Ligand code: URA
């Protein structure tokens, strides 16, 4: 058998195996990974006041059509999605990239910009280069232990904020991405991601950052300013660094931050 044929065979077997596993699992796979339990313990211990935590249960609301999809199938669906009008102007949808199996962190941004739309990859423009530096500072990278995605997968015209209807249409993809890749923690950069993941739609970034939230009652979420906002206003650098240190103490519970 030649290599190409062998790879196709292997892919088919893996698809079949995933299908079997998924039928046996409940719609929302529950994480029973010990390290995750430790993270939850750490999240409880972390120096945040009790009233600052917010529980937002979401993953069990994913419609079955999507909750049964693998990451690959979801990505293919997104590439030809027409659930909102953003599809009409896109060059490429930007699904997400990075470590897709239990990454330490899943970074969630706002939506693709010009370069992302052209390449189909998240955070590859100036804000992305800056984000990569933040990640590196706390031992993370998209090549090894971090997954990067956005609230909306298609570029809003002139990089405007995504509208409510667009976020609503797209959020199911993000939720299914989270359910499939099961990150240890989530870093929301910017307001659209921070308000969506916390469920606190009318909050400001200043009120969301500096706190610890739990997404779906289990995944620690840290919200911070968007790298593009920090590039415009360097005074935001210090609060971002504090947020990154807190994130680091959550994903590395043995290191005192
Ligand atoms: N800004 C975002 O929020 N996401 C990207 O992918 C790029 C820029």
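Just so you know, all these numbers are worked out from the coordinates, no wet-lab data involved. Model, not experiment: these values are computed from the prediction. Every residue, glycine as well, gets a Cβ built from its backbone with ideal geometry; the counts of neighbours run over all protein chains shown.
Compare the peptides 106-113, 92-99 by average per-residue count of other Cβ atoms within 10 angstrom and give them in order, highest first.
Averaged packing, sorted descending, gives the order 106-113, 92-99.
Just order 246-254, 136-144 by mean Cβ neighbour count inside 10 Å, highest at the front, would you?
Highest-to-lowest ranking by the protection proxy: 246-254, 136-144.
In Å and on Cα atoms, what radius of gyration and Dmax does segment 124-232 show?
13.6, 36
Would you mind classifying segment 212-257 by shape? Square roots of the alpha carbon gyration tensor eigenvalues, ordered a ≥ b ≥ c; an a/c under 1.5 is rounded, otherwise it is prolate if a/b is larger than b/c and oblate if not.
Since a/c reaches 1.5 but b/c is at least a/b, the shape of segment 212-257 is classed as oblate.
Which value results when the Cα radius of gyration for segment 61-119 is divided by 2.2 N^0.38 Å?
Normalised Cα radius of gyration, segment 61-119: 1.24.
What is the gain in length, in nm to one decimal, between residue 252 and residue 234 on full extension, counting 0.36 nm per residue of separation less the C-alpha to C-alpha distance?
Full extension of this stretch gives 3.8 nm more.
Can you pull the three principal axis extents for the Cα set of segment 128-187, in Å, largest first?
Extents along the principal axes: 36, 28, 15 Å.
Using alpha-carbon pairs under 8 Å, 6+ residues apart, how would you state the relative contact order of segment 129-201 in percent?
25
Run a plain Debye calculation on segment 185-239 (Cα atoms as equal point scatterers, no solvent) and give log10 I(q)/I(0) at q = 0.14, 0.18, 0.19, 0.23 Å⁻¹, rounded to two decimals, same order as the q list.
Results for segment 185-239 at q = 0.14, 0.18, 0.19, 0.23 Å⁻¹ read -0.33, -0.53, -0.59, -0.83.
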